[in-house]
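What follows is a short report on a single structure.
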Amino acid sequence: MKILLTAINTKYIHSNLAVFSLRAFALQERKEYQTCVEIAEYTINQQVDEILMDLYVRQPEVLCFSCYLWNIVYVEQLVKELKKVLPDTEIWLGGPEVSSHPKHVLKRMPQVRGVMCWEGEETFLELADYYHGKIHSLKEIHGIVYAQAGEIAENPARRVLDLNRVPFVYHPEFSVDSGTPGRDREEMERFRNKILYYESSRGCPFSCSYCLSSIDKCLRFRKLETVQKELQFFIDREVSQVKFVDRTFNCRHDHAFAVWSYLAEHDRGKTNFHFEVAADLLNEEELRLIASMRPGLIQLEIGVQSTNPKTLGAIRRNMNFEKVRAAVSYIHACGNIHQHLDLIAGLPHEDIKSFQKSFNDVYALHPEQLQLGFLKVLKGACMEEQAGNYRLLYQDRPPFEVLSTRWLSYGDVIRLKGIEEMVEVYYNSGQFVHTMERMEQAFPDAFTMYDRLRAYYERHCLRGVSHSRVRRYEILLDFAAEEDGAQTDAYRELLTYDLYLRENVKNRPAFAGSPSVTKEEETAFYRQEAAEHRYLLEYEQYDKRQLRKMTHLERVNGEILLFDYQNRSPLTNQAAVYRVSLPSRF
């Protein structure tokens, strides 16, 4: 009996914690399922036919799909074709995209045998037992909705699981290759070059009307000693990044502080840990601890969504923005933590002016990333029930994104889409930091600046074009010349500085003008540096030609700057920069 747990991820670097958790729980309870329960992972960038062929070759007798907003269209297409080529295969679905309306899903996809609703570890185990003859009827399995004799049957909901019963999915015991002789670090090979996901708690204490996480009110935590042991596993194997999937990681102070303290004490300088937090809940003790951490040890994602009090009330989001502002500003000043702040356009009571204020409020905090997202009206969320009251129109297809509301027209949404693109290119990329800081001074506020940049792209038919990196610099310089022409030379210099901060460009782009440091000055500097190593203290083994290739000299505001590309900021990836002096004869 082959049972295949299938995930279709957004990118290759992502992994699917759900399918690994279901398999690990089943193997923990039934060792004999080691060879019959398998995992297959794909991405939405693959052709449906490619996935279909691979699934056919695997010949599963039971096929389970993990369903999310980003992959449900692919799953539906596959389900329809799979039943044609694998008519005897039983197909089951699970995940947030099908759990809230399983009967509708089964009517829409008659090829599917049933849906595992919400939390799935125990449900999947019992389903595997059913197909192995240990359970005699689907009626005995709680938490499923299924087709039976032409009807749709709905069993009682399953009680939530003690999170401490869920095994650590990355342990070699639960690897697809467990039992292979000589296994040590090989158990992580499947996850090489991927982001790993981890949960230390389930459930959410909040009731945000746009979010499905608020449905699970039973907040549960993994035992601290277990969490510490599992985090050490990642640290020892020098995993690149671990993302906690806890909905609000710091909702319980003692848990968050203990985990962060452990990471700070056991850090080996390699692994980054990502957390979603409520910034207004961070207390002084936590902030002091965060301030002491190695740059790049942790990063924080903070969902602000809006700063309009009426909007926050309507979406049932209890947030004190002044506390958010204070916490984010404190962390930013420490300079060691990457902060990612989120806004959502299309929320109730938020028109274009209100959103402009929310945007400017958050932008002023200077996070490393500012995500301008758009409301998704998820099946089963409270927002879906309120759609009529808000005159909320949204797409009928995933991701069910807002089209208009009582306060926001579709034209406004299109405008905000353009601003989102500009923010992604010119802010979130981190490639234009100093130029954008200077450009803000030429506009009433940041929102207006990005709005006019959006309009410039549209006037010049620049949207929808795949521009090179250098071309983005040229466009921004042209925009600056149009909006703040008296300062064009200053913008050119700042753009050149920003370019060399990120990239050691040996073919100088045209927009940067003639080299600001002559060949004679460069030759003299590197000759002296190779002999004395006044600035590049870790480069003693390199000669002057090698030093020249690994660094760059640029004159900015009359000063000579040396860009060191072997030493970069773990937060921004910017090169280290030193003010240097040329040999005396220059």
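Given the stretch 201-315, what strands (runs of 3 or more DSSP E) lie entirely inside it while holding 1 or more residues that are polar (S, T, N, Q) and within 30 Å of GLN356 (Cβ to Cβ)?
298-305
So ASP49 passes all but one of these: (1) among the acidic types (Asp, Glu); (2) out of contact with any helix residue (DSSP H, G or I) (no Cβ under 9 Å at 6 or more places or on another chain); (3) without any contact (Cβ under 8 Å) to a residue 12 or more places away in the chain. Which condition number does it fail?
So ASP49 meets the others, but not (2).
Could you tell me whether any residue of the stretch 364-384 is free of Cβ contacts under 8 Å to residues at least 24 places away in the same chain, more than 19 Å from the chain's Cα centre (by Cα) and within 24 Å of CYS211 (Cβ to Cβ)?
yes
With closer than 20 Å to TYR33 by Cβ and of a type outside the set (A, V, I, L, M, F, W, C) as the only criterion, which of GLY95, GLY133 stands out? Talk me through it step by step, then tell me what you get.
Working: GLY95 fails: closer than 20 Å to TYR33 by Cβ.
Answer to the check: GLY133.
Can you tell me which residue among TYR130, TYR68 is free of Cβ contacts under 8 Å to residues at least 40 places away in the same chain and assigned to a loop (DSSP other than H, G, I, E, B)?
TYR68
In the stretch 5-23, which residue that is within 15 Å of GLY95 (Cβ to Cβ) and of a type in the set (A, V, I, L, M) is surrounded by the fewest Cβ atoms within 10 Å (Cβ to Cβ)?
Ranking the candidates gives LEU17 first.
Any idea which of (1) among the basic types (Lys, Arg); (2) modelled with pLDDT of 95 or more; (3) assigned to a loop (DSSP other than H, G, I, E, B) is the one ARG438 doesn't satisfy?
(3)
So ARG527 ticks every box in (1) in the same structural domain as VAL433 (by TED's automatic domain parsing); (2) touching a helix residue (DSSP H, G or I) at 6+ places or on another chain (Cβ under 7 Å) but one. Which box is left unticked?
Against the list (1) in the same structural domain as VAL433 (by TED's automatic domain parsing); (2) touching a helix residue (DSSP H, G or I) at 6+ places or on another chain (Cβ under 7 Å), ARG527 comes up short only on (1).
Output the residues belonging to the stretch 80-100 that are of a type in the set (D, E, K, R), in a helix (DSSP H, G or I) and in contact (Cβ under 8 Å) with a residue 24 or more places away in the chain.
LYS80, GLU81, LYS83, GLU97
Out of PHE273, PHE249, PHE234, which single residue is more than 30 Å from ALA345 (Cα to Cα), under 23 Å from the mean Cα position of the chain (by Cα) and assigned by TED's automatic domain parsing to the domain that holds ASP351?
PHE234
When you go through (1) within 30 Å of the chain's Cα centre (by Cα); (2) modelled with pLDDT under 95; (3) in a helix (DSSP H, G or I) one by one for VAL19, which number turns out not to apply?
Condition (2) is where VAL19 drops out.
Considering only the stretch 145-161, state which residues are surrounded by 11 or more Cβ atoms within 10 Å (Cβ to Cβ) and acidic (Asp, Glu).
GLU154
Restricting attention to the stretch 321-328, does a residue exist that is closer than 28 Å to LYS376 by Cα, modelled with pLDDT under 95 and assigned to a helix (DSSP H, G or I)?
Looking through the stretch 321-328, none of the residues is closer than 28 Å to LYS376 by Cα, modelled with pLDDT under 95 and assigned to a helix (DSSP H, G or I).
Mind checking which residues of the stretch 396-440 are within 16 Å of LEU375 (Cα to Cα) and among the basic types (Lys, Arg)?
ARG397, ARG406, ARG415, LYS417
Please verify whether the stretch 499-507 includes one or more residues that are modelled with pLDDT of 95 or more and touching a Pro at 6+ places or on another chain (Cβ under 9 Å).
Yes, the stretch 499-507 has at least one match.
Output yes when any residue across the stretch 129-144 is within 23 Å of ALA381 (Cβ to Cβ), buried (at least 17 other Cβ atoms within 10 Å of the Cβ) and out of contact with any His (no Cβ under 6 Å at 6 or more places or on another chain), and no when none is. Steps first, answer last, please.
As a first pass, look at the stretch 129-144 and keep what is within 23 Å of ALA381 (Cβ to Cβ): 143-144.
From the residues that got through so far, the ones that are buried (at least 17 other Cβ atoms within 10 Å of the Cβ) too are 143-144.
Then drop every residue that is not out of contact with any His (no Cβ under 6 Å at 6 or more places or on another chain), which leaves 143-144.
Yes: the stretch 129-144 contains one or more residues that are within 23 Å of ALA381 (Cβ to Cβ), buried (at least 17 other Cβ atoms within 10 Å of the Cβ) and out of contact with any His (no Cβ under 6 Å at 6 or more places or on another chain).
The values are calculated or read from the model by the stated rules, or taken from the named source; none is laboratory data. Treat the numbers as computed from the prediction; the structure is a model and nothing was measured. Neighbour counts are summed over all protein chains in view; Cβ atoms, including those assigned to glycine, are modelled from backbone coordinates with ideal geometry.
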